[in-house]
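Here is the structure we will look at, set down as structure tokens.
The values are calculated or read from the model by the stated rules, or taken from the named source; none is laboratory data. This one's a predicted model, so the numbers in the text were calculated from it and none came from an experiment. FYI the Cβ positions are ideal-geometry reconstructions off the backbone, even for glycines, and counts take in every protein chain you see. Remember, those area values only see protein heavy atoms, side chains included, never the ligands or the DNA or RNA. Shrake-Rupley method; radii C 1.70, N 1.55, O 1.52, S 1.80 Å.
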Amino acid sequence: MLQTAAERQRALTGGAISLAAVTLFVGLAAFSLLFAGGGAAIVGILFDPYILRVLRFTLLQALLSTALSIAFAIPVARALARQPHFPGRIWIIRLMAVPMGLPVLIGALGMIGIWGRHGLLNWLMMNIGLDEPVSIYGLTGILLAHVFFNLPLACRLMLAGLERVPAEYWLMASTLGMRPRSVFRFIEWPAIRPLIPGIAGLVFMLCATSFTLVLTLGGGPAATTIEVAIYQSLRFDFDPGRAIALSLLQIALTAMILGAMALFPPAGDEGLTEGQDIKRLDGKGPCARLADSLLLLIAVLFLGLPLVSIIAAGLHADLIKLLQEPIFWQSAGMSLAISLSAALLSIILSIAMIRARHAILSKRRRGVTDRSFFTAMGGASSMVLLVPPIVLATGWFMALRPFGDATRFAAVLVVLINMLMALPFVMRVLEPAYIVHQRRTQKLAASLGIAHAARLRLIDWPGLKKPLLTALSFAMALSLGDLGAVALFGSEGLVTLPWLVYSRMGSYRTNDADGLALILGIICLLLTIAGTAGQPRRENGDGDR
């Protein structure tokens with residue numbers, strides 16, 4: 001518990017202010033959409049054939065992307081679990097972390113480098129007599145890109161579930177001489193099955209609110225999602241009514257998905273174990289080894305080739321010329337300023353809400369108000385999932401129109417939207433670390449009479465420095481790669497690196513876009529390395545799973 005009643009009161013006050021700030025920012029955007037006539041407009045567009053087609057495509061591509069990601073993740077996770085001593089296994093698992101931290105626009109460029117008209121795959125197919133059999137643009141490209149980003153996420157979550165199966169199960173399977181098919185039916189599938197609804201819901205949510213990938217690889221009349229249609233309504237058609245109605249439709253869609261996800265039961269306990277080392281014999285046969293090796297090789301090629309393509313294409317660009325352009329330094333400075341501001345704000349809000357939640361937990365008696373406040377702060381950190389960035393940007397665009405040119409406030413709005421985007425990740429990094437730190441130090445600090453600035457300098461900062469730096473680096477990398485809010489407000493006075501890459505792609509200066517993407521990727525990679533440097537490794541050597 002916190003040391004004094006005054007400290008608890010300050011923590012609760014800070015949490016209340018943070019909750020009010022987040023609610024006010026999101027609420028004003030939603031209110032402006034309703035006040036501008038969105039409620040009436042949404043009824044009108046429900047019968048618009050174009051909107052119905054957009055809604056249908058949004059759901060279709062999300063459903064197919066989810067199904068493909070889950071279907072391919074199951075055998076890959078199973079192969080990784082069956083082959084604990086596969087050469088380079090730890091690097092394959094680390095490779096799966098790259099798409100999750102890679103800016104979406106850079107990933108799209110990597111996919112174009114492999115699957116595009118002049119990509120490696122089509123070049124190989126043309127050499128064997130096939131005439132450009134694969135097109136990266138449209139539904140096919142969107143599905144490929146969504147699988148590229150979401151298969152690693154699903155695979156790592158399933159692998160963790162398989163590795164939680166008690167060692168006694170595998171021992172029993174080998175004693176009974178169970179074949180791989182029976183092992184999958186009676187052990188692996190029961191371990192994976194409870195995880196699938198949650199993973200599928202998360203992937204579906206990410207695909208249904210996908211913006212940058214659809215804008216880059218789709219965007220045409222036949223391949224447009226709701227978020228891209230909002231952007232086109234404001235940026236190209238300047239039809240605020242349609243943008244408002246689409247925004248409310250997007251909120252209704254995400255609310256239904258979140259509601260459905262809340263109905264999924266949590267994964268159950270895998271069973272008791274005596275803590276023995278896991279020894280799997282079902283993967284030692286030659287057929288199983290060959291099948292798993294081929295599967296892992298295909299997975300490595302699918303995930304690794306786009307990354308290699310980004311590096312190769314970037315090195316072919318005239319990087320010296322790009323670095324000498326004033327627009328590069330202007331965009332890099334703007335990106336760093338926005339990302340640093342958004343990350344710091346996100347950490348400040350997170351700490352305030354975490355301290356307040358901890359203060360509530362430390363109470364011996366918690367009433368309905370306490371529990372509601374606790375839940376509200378947890379929900380506020382994930383509010384950006386309910387109201388996606390492009391919808392927030394649209395709401396604030398409508399709210400600021402009466403005050404003149406809304407782009408005057410663009411930089412501040414992009415910072416605040418990026419801050420909200422980073423908030424769920426920052427909370428999940430800091431909250432467990434803060435709770436453990438408090439349990440370990442609060443009694444000792446109280447007994448020694450260390451408080452306020454002295455406690456911050458001598459106890460809190462040394463104990464929380466690493467998770468704080470990790471949260472800062474992840475939040476900055478997330479903001480640096482974002483194109484959503486900037487796409488709506490981007491102008492000559494607000495150019496970020498992702499917007500510059502997208503602009504060069506739009507003006508067919510592909511080499512410049514490749515070079516800038518490589519530079520942006522290196523910056524994000526350096527941030528990730530800096531944030532995770534010095535983290536302790538687990539005894540089995542796979543501490544970064």
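What the table shows:
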| read-out | value |
| --- | --- |
| Residue under evaluation ALA222, criteria (1) outside any loop (DSSP other than H, G, I, E, B); (2) in contact with a helix residue (DSSP H, G or I) (Cβ under 9 Å, 6 or more places away or on another chain), criterion not met | (1) |
| Filter result for ARG504 (more than 28 Å from ILE417 (Cβ to Cβ), crowded, with 16+ Cβ neighbours inside 10 Å and either of a type in the set (Asp, Glu) or more than 22 Å from the chain's Cα centre (by Cα) (or both)) | no |
| Selection within segment 170-201 - on the phi > 0 side of the Ramachandran plot and at pLDDT 90 or above | none |
| Boolean, ALA343 is open to solvent by less than 30 Å² (accessible area, probe 1.4 Å) and of a type in the set (A, V, I, L, M) | yes |
| Cβ pairs under 7 Å, 6+ apart, first in segment 231-247 and free of Cβ contacts under 8 Å to residues at least 40 places away in the same chain, second of a type outside the set (Asp, Glu) and part of a loop (DSSP other than H, G, I, E, B) | none |
| Matching residues in segment 288-329 - criterion: being of a type in the set (S, T, N, Q) and either closer than 30 Å to SER182 by Cβ or in contact with a helix residue (DSSP H, G or I) (Cβ under 9 Å, 6 or more places away or on another chain) (or both) | SER293, SER309 |
| When residues of segment 402-420 are limited to those that are touching a residue at least 24 places away in the same chain (Cβ under 8 Å) and open to solvent by 30 Å² or more (accessible area, probe 1.4 Å), the one nearest to ALA471 (Cα to Cα) | LEU416 |
| Identity of the residue in segment 169-189, more than 17 Å from LEU80 (Cα to Cα), open to solvent by less than 50 Å² (accessible area, probe 1.4 Å) and not aliphatic (A, V, I, L, M), that ends up nearest to the chain's Cα centre (by Cα) | SER182 |
| Condition check for ALA487: surrounded by 24 or more Cβ atoms within 10 Å (Cβ to Cβ), in contact (Cβ under 8 Å) with a residue 24 or more places away in the chain and of a type outside the set (Phe, Trp, Tyr) | no |
| Unique match (being surrounded by fewer than 23 Cβ atoms within 10 Å (Cβ to Cβ) and in contact with a Lys or Arg (Cβ under 9 Å, 6 or more places away or on another chain)) among ARG164, ARG156 | ARG156 |
| Residues that are under 17 Å from the mean Cα position of the chain (by Cα) and either part of a helix (DSSP H, G or I) or surrounded by fewer than 24 Cβ atoms within 10 Å (Cβ to Cβ) (or both), drawn from segment 388-397 | PRO389, ILE390 |
